[in-house]
Amino acid sequence: MLPTVAERLEAEELMKKLALRLFALLLAVLPVGVAAQGIAPDPALRAKADALVAILDGRGSYETYFAASFRDKVPAAQLSVIAAQLKTALGAPQKIETLTATSAWSADLTVGYARGTASVRLVIDPAPPHAATGLLITGTAPRDDSLAKLEAEFRALPGASGFGLYALGNGRPTPILEYRADVAAPLGSAFKLWVLAELARQVAAGERHWEDVVKVGAPSLPSGVLQTWPAGSPVTVQTLATMMISISDNTATDTLLTTLGRAKVDAMAETAGGSAPVMTTREMFALKGDPALTKAWAAGSVDERRALLVDNAVKISTAKLDPTVFAGKPVAIDSVEWFASPSAMAGLLDRLRRADVTTHAVMAVNAGVDPAIAKRFGYVGFKGGGEPGVLTLNYLVQAKDGRWYAATGNWHRADDGVNEVRFAGLMGRALALLAAR
């Protein structure tokens, strides 16, 4: 949903810069590898992995271990801060517990710490001395984790938070664990699940088809890429939906919302327990960038907010959107936002579970979680969202035995930003606990 400096808080952007993996810490540009049966790591890769333990403990040589290309992107001081955060959370690093090669020169590692583990992707240069060219921390987990420990850490988050884990079946979602699950919270771009649900409903009703072609509408700010495309470019609604969910493309979202009809998207949001009217992302940016409109929106009823959008439609459609509005502290996150509770989001995820295979495929493009956790499920669908001070992550998962679950959580504070890596770690742990059931 957010541009430039605020992109890192977008849920899909937890891997940084709106990449296709959420909630991770990007330390350098990495080729995305997939573990394949029979790949043998080069001995140099194993040696480099073992040497990583000393690096993470603050004892190794940064200059010797990393290639110049990495050092240019990640200063030693930045790496030291990250390593210190890991030690604070997990204790001292001890050994490489697992190494799964994705090529002869890259691997997914499990680094064992005194009180937990960290999932890491490592890439080294094939040429001697095989310096590390990429390092990606994709998740952390404590040892002997439990639902009680997870809840305690949610409760300890500064500001306000809430989450829910649910079993999905024939009836309503069945709570496994909840914390402030009935309290509505800002969603950021997770509101785009309402748009997807309405599209899925229209397709199921025969009102629309996935291959329908529409023209790209007015550009919004990033995240996304469609704002850079020629005006009026033809695209299918399936393409719009895929870009909206997988990379949180704001222009795709606005085009799709307008195509489906605001009244129908509003109705879906309200049916799903969410707030209305449903702003486009352009409207949200314009409202937050105009103090008078922000004040009017905050004070308005649902009908007054609808009227505000109509009365200011020309102004909003022609406004020069200012990405720097998000460069400081949170802006109007208690009013100019989209809202729903964890329990409502679980119901929405359950609705999407019952949709067609294309809907499922759209949600699965970006799993939004540590690959080591994702591979423990048969299916992972995801959409997150955020802006400064707001973060929410929502997962629809199917265990390999066929059971379905929803995991949804939020964290927000009006006085400061939120730590996306910390929150992503909590939600990753929630999924790991579901996978172990």
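The values are calculated or read from the model by the stated rules, or taken from the named source; none is laboratory data. Computed from a prediction, not measured in an experiment: that's the story for all the values here. Don't worry about glycine lacking a Cβ; one is built from the backbone with ideal geometry, like all the others, and counts go over all protein chains shown.
Take the conditions (1) buried (at least 21 other Cβ atoms within 10 Å of the Cβ); (2) more than 22 Å from residue 185 (Cβ to Cβ); (3) not small (Gly, Ala, Ser); residue 356 misses just one of them, which is (1).
For the stretch 235-249, the condition holds for at least one residue, the condition being that it is part of a helix (DSSP H, G or I), within 25 Å of residue 381 (Cα to Cα) and touching a Lys or Arg at 6+ places or on another chain (Cβ under 6 Å). Please indicate, with yes or no, whether at least one residue in the stretch 169-179 is crowded, with 17+ Cβ neighbours inside 10 Å, in contact with a Lys or Arg (Cβ under 8 Å, 6 or more places away or on another chain), not assigned by TED's automatic domain parsing to the domain that holds residue 428 and not β-branched (Val, Ile, Thr). Checking the stretch 169-179: not a single residue is crowded, with 17+ Cβ neighbours inside 10 Å, in contact with a Lys or Arg (Cβ under 8 Å, 6 or more places away or on another chain), not assigned by TED's automatic domain parsing to the domain that holds residue 428 and not β-branched (Val, Ile, Thr). Select from the stretch 325-339 the residues that are aliphatic (A, V, I, L, M) and in contact with a Ser or Thr (Cβ under 7 Å, 6 or more places away or on another chain) and write down the one among them that is farthest from residue 266 (Cα to Cα). Once the filter is applied, the top-ranked residue is 332. Among the residues of the stretch 236-266, the one identified as closer than 21 Å to residue 341 by Cα and without any contact (Cβ under 8 Å) to a residue 40 or more places away in the chain is 266. Taking the conditions (1) among the hydrophobic types (A, V, I, L, M, F, W, C); (2) farther than 13 Å from residue 190 by Cα; (3) touching a helix residue (DSSP H, G or I) at 6+ places or on another chain (Cβ under 6 Å) in turn, residue 348 satisfies each one other than (2). If I ask for residues that are of a type in the set (Gly, Ala, Ser) and under 13 Å from residue 86 (Cβ atoms), which ones from the stretch 131-154 would you list? The answer is 139, 141. In this structure, is residue 208 in a loop (DSSP other than H, G, I, E, B), surrounded by 14 or more Cβ atoms within 10 Å (Cβ to Cβ) and among the basic types (Lys, Arg)? It is true that residue 208 is in a loop (DSSP other than H, G, I, E, B), surrounded by 14 or more Cβ atoms within 10 Å (Cβ to Cβ) and among the basic types (Lys, Arg). Please enumerate the residues belonging to the stretch 318-348 that are surrounded by fewer than 19 Cβ atoms within 10 Å (Cβ to Cβ), hydroxyl-bearing (Ser, Thr, Tyr) and at pLDDT 95 or above. 335, the sole residue that qualifies. Residue count for the stretch 353-362, restricted to those that are of a type in the set (A, V, I, L, M, F, W, C), in a helix (DSSP H, G or I) and touching a helix residue (DSSP H, G or I) at 6+ places or on another chain (Cβ under 6 Å): 1. Counting just the residues of the stretch 131-162 that are buried (at least 19 other Cβ atoms within 10 Å of the Cβ), of a type in the set (A, V, I, L, M) and part of a strand (DSSP E or B), which one comes out modelled with the lowest pLDDT? For the stretch 131-162, the residue satisfying everything is 141. Residue by residue through the stretch 360-378, note down the ones that are under 24 Å from residue 209 (Cα atoms) and either without any contact (Cβ under 8 Å) to a residue 40 or more places away in the chain or out of contact with any Lys or Arg (no Cβ under 9 Å at 6 or more places or on another chain) (or both). Hits for the stretch 360-378 are 360, 361, 362, 364, 365. A Cβ distance below 9 Å, combined with a sequence gap of six or more or placement on separate chains, defines the contacts here; from the stretch 213-235, residues that are more than 20 Å from residue 385 (Cβ to Cβ) reach no residue that is aromatic (Phe, Trp, Tyr) and crowded, with 19+ Cβ neighbours inside 10 Å.
Restricting attention to the stretch 394-420 and to residues that are within 18 Å of residue 330 (Cα to Cα) and of a type in the set (A, V, I, L, M), the residue that is surrounded by the fewest Cβ atoms within 10 Å (Cβ to Cβ) turns out to be 414.
Scanning the stretch 293-351 for residues that are assigned to a helix (DSSP H, G or I) and of a type in the set (A, V, I, L, M) yields a total of 18.
The set of residues in the stretch 405-437 that are among the basic types (Lys, Arg) and modelled with pLDDT under 95 comprises 422, 429, 437. Considering the stretch 176-189, the residues that are in a strand (DSSP E or B) and either in contact with a helix residue (DSSP H, G or I) (Cβ under 8 Å, 6 or more places away or on another chain) or of a type in the set (A, V, I, L, M, F, W, C) (or both) include one that is farthest from residue 401 (Cα to Cα), namely 185. Does any residue of the stretch 213-222 turn out to be among the β-branched types (Val, Ile, Thr) and assigned to a helix (DSSP H, G or I)? No; the residues of the stretch 213-222 include none that is among the β-branched types (Val, Ile, Thr) and assigned to a helix (DSSP H, G or I).
Criterion first (crowded, with 19+ Cβ neighbours inside 10 Å and closer than 13 Å to residue 429 by Cα) does residue 191 satisfy it? No.
Residue count for the stretch 371-424 satisfying the condition of being acidic (Asp, Glu) and either on the phi > 0 side of the Ramachandran plot or assigned to a loop (DSSP other than H, G, I, E, B) (or both): 3. Out of all the residues in the stretch 359-370, is one or more β-branched (Val, Ile, Thr), at pLDDT below 95, assigned by TED's automatic domain parsing to the domain that holds residue 179 and surrounded by 21 or more Cβ atoms within 10 Å (Cβ to Cβ)? Within the stretch 359-370 (the criterion being β-branched (Val, Ile, Thr), at pLDDT below 95, assigned by TED's automatic domain parsing to the domain that holds residue 179 and surrounded by 21 or more Cβ atoms within 10 Å (Cβ to Cβ)), the answer is yes, since at least one residue qualifies.
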